[in-house]
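Okay, structure first, notes after.
Values in this text are rule-based calculations from the coordinates and carry no lab data. Not measured: the values here are computed from a predicted model. Note that we place each Cβ from the backbone using ideal geometry, even for glycine, and neighbour counts take in every protein chain shown.
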Amino acid sequence: MSSVERIVSCLDGYDPDALRVDKAREAIRSCLVPVSAVERVATRSALGRVLAEDIVPHVNVPAHDNSAMDGYAVRSADLKADAETALDEIGSALAGRPFGGAVGAGECVRVMTGAVMPAGTDAVVVQEVARIAGDSIIVPPGQKRGQNVRYAGEDLKAGMAVLRPGRALGPAELGLIASLGLAEVSVRRRLRVAFFSTGDELASVGAPLAEGQVYDSNRYTLYGMLARLGVELIDMGVVRDDPGQLEAAFRTAAANADAVVTSGGVSVGEADFVKQLMKKLGEVLFWKIAMRPGRPMAFGRIGGAFLFGLPGNPVAVMVTFYQLVREALLFLAGRTDDCALPRLTVPSAAPIRKVPGRTEFQRGVLARDARGAWSVRLTGQQGSGVLRSMSEANCFIVLEHERGPVAAGEPVQVQLFEGLV
Ligand code: AMP
Ligand code: MG
């Protein structure tokens, strides 16, 4: 028994011929080992990368108490509770240009947003409520100590980790890192993913289509899905259903990549030699997953790479990728946060056919009706070869394993494509 087989066969309820989607996800996860190499990159280049160090501020952000508004920095103890107070303006402070002196009783300093609070002051009176009367500033009653002041360390406190390893760096994180003055950060090296399509019937785009051929569209959807994950891509083209060619392709892929994603060759109707070959080259399991679309799938290890053998049907490729491969690749890339696609619950606009015993990922359109209420409806044809359904949809409708038919108005779960597909 291979080690992959040993790990997954220990899982409760593991049945390769009727594998629940959540079990398949768990089986995959239990075998994965993330990339460990780390590199230093310039802060901007870290966008979309996985952080590999604790980010701990050495300074408070902001570094000083400062004004949140344009107005007058005052000593709140000087202010009368129920009458106006006249104060002497003794100077001004701007962002980046502090007031050098100290502020005594009955005095105030003109301040702009971001200016360091002058020594002795503890509140800012906004300019809109203050009145200038000759050399005095008249402050109305009702001002509170600490008002309109941003405190040192309010955003980030020195010594406290603000970002932990394993999280993806987005625009907010780049800004946070820059706010600490860091020009470089440590990130995991990019995950390398090789992908290719298998099939004797496949023609490449740009070439004429002979009788019985189809254009290789899967490599384009795969390219798009993988590119969005920020992994390094190795496009290996189309590989014929030929033992020699397939073996060479798998060997090259495994030698150069951390993960290999293929389409076609794993379905029941496929020539057995593809499966035999995958098995011969490594530790590969063949699953029938209780899902629709996307029942057949291969998973395992070939050399140092994890193999995800997806079915050939164009919609099945996308569904199995998003439901089973995407999270696995993010985990391999070093992510430690929960990367599962979020699910929202909305009413189904119409009845949906469903039989218990498999999880279905139907293509849906989430939209608002005339009264502004959100509901989801199916796109037209749901066949696993109808790629148009993915393009017309803006979400997956997830119909759970045990669930039977859905009535109109019944709540269903959806996963939005926005930002994903
Ligand atoms: P397979 O899983 O290889 O048996 O393929 C299932 C179906 O998907 C067949 O109709 C194939 O022609 C089609 N198919 C397989 N690979 C591709 C591909 N790369 N692009 C478009 N269709 C494909
Ligand atoms: Mg095929």
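So for the chain, Kirkwood radius off the Cα pairs, Stokes-Einstein at 4 °C and 1.567 mPa s: how many µm² s⁻¹? Could the numbers behind the result be given before it?
On the way: Rh = 25.8 Å.
The estimated diffusion coefficient comes to 50 µm²/s.
How much length would be gained if the chain were fully extended between SER136 and GLU211, taking 0.36 nm per residue of separation minus their Cα-Cα distance, in nm to one decimal?
Values: separation 75, 0.36 × 75 = 27.00 nm, distance 9.14 nm.
Extra length available between SER136 and GLU211 comes to 17.9 nm.
Normalized C-alpha radius of gyration of the stretch 66-150, against 2.2 N^0.38 Å? Walk me through the numbers on the way to the answer.
Values: Rg = 11.2 Å, N = 85, 2.2 N^0.38 = 11.9 Å.
Taking N as the residue count of the stretch 66-150, the ratio is 0.94.
Spatially, the stretch 377-421 and the stretch 1-27 are offset by 26 Å when compared through their Cα centroids.
With an 8 Å Cα cut-off and a minimum separation of 6 or more residues, compute the relative contact order for the chain in percent. Value for the chain: 16 percent. Beta bridges assigned by DSSP with both partners in the chain are antiparallel in approximately 70 percent of cases.
Put simply, the C-alpha atoms of the stretch 344-416 give a gyration tensor, and the ellipsoid matching it has half-axes of 18, 16, 10 Å, longest first. Amide H contacts of VAL111: GLY71, TYR72, ALA73, ALA93, each under 5 Å away and 5 or more positions distant or on a separate chain (H built 1.01 Å from N in the peptide plane; Pro and chain starts excluded).
Its Cα gyration tensor gives the stretch 143-196 an equivalent ellipsoid. The semi-axes, each the square root of 5 times an eigenvalue, are 36, 12, 9 Å from largest down. Are there any helices in the chain, counted as whole DSSP H runs, that stretch 18 Å or more along their axis by Cα and score at least 0.0 on average by Kyte-Doolittle, and if so which? In the chain, no H run is both long and hydrophobic enough.
Here LYS275 is the anchor, and the lysines within straight C-alpha reach of less than 17 Å, apart from those fewer than 8 places off in the same chain, are LYS288. Across the stretch 31-112, how large is the tail of the calculated P(r) beyond 20 Å, expressed as a percent of all Cα pairs? Of all Cα-Cα distances in the stretch 31-112, 59 percent exceed 20 Å. The alpha carbon centroids of the stretch 241-263 and the stretch 32-54 are separated by 27 Å. Using a 7 Å offset from Cα along Cα-Cβ at ALA119, what residues in the stretch 68-101 end up with backbone N under 20 Å from the label point? Backbone N within reach: 73-78, 88-101.
Build a GNM of the chain with springs between Cα atoms under 10 Å apart, and of VAL268, VAL239, VAL185 the one that fluctuates most is VAL268. Note on LEU94 and ARG240: their simple-model spin labels are 7.4 nm apart, each label 7 Å out from Cα toward Cβ. Between ALA340 and TRP374, what FRET efficiency follows from the Cβ-Cβ distance if R0 is 25 Å, with the result rounded to 0.05? Once the sixth-power term is evaluated, E becomes 0.70. Rg over Rh for the stretch 121-256 works out to 1.40, using Cα positions for both radii and the Kirkwood form for Rh. Each Lys and Arg adds +1 at its Cβ and each Asp and Glu adds -1 at its Cβ; summed about the Cα centre, the chain shows a dipole of about 800 debye. Working note: Karplus 6.51/-1.76/1.60 with θ = phi - 60° gives the stretch 326-337 the couplings 3, 4, 4, 5, 5, 5, 4, 6, x, 5, 10, 7 Hz, where Gly and Pro are set to x.
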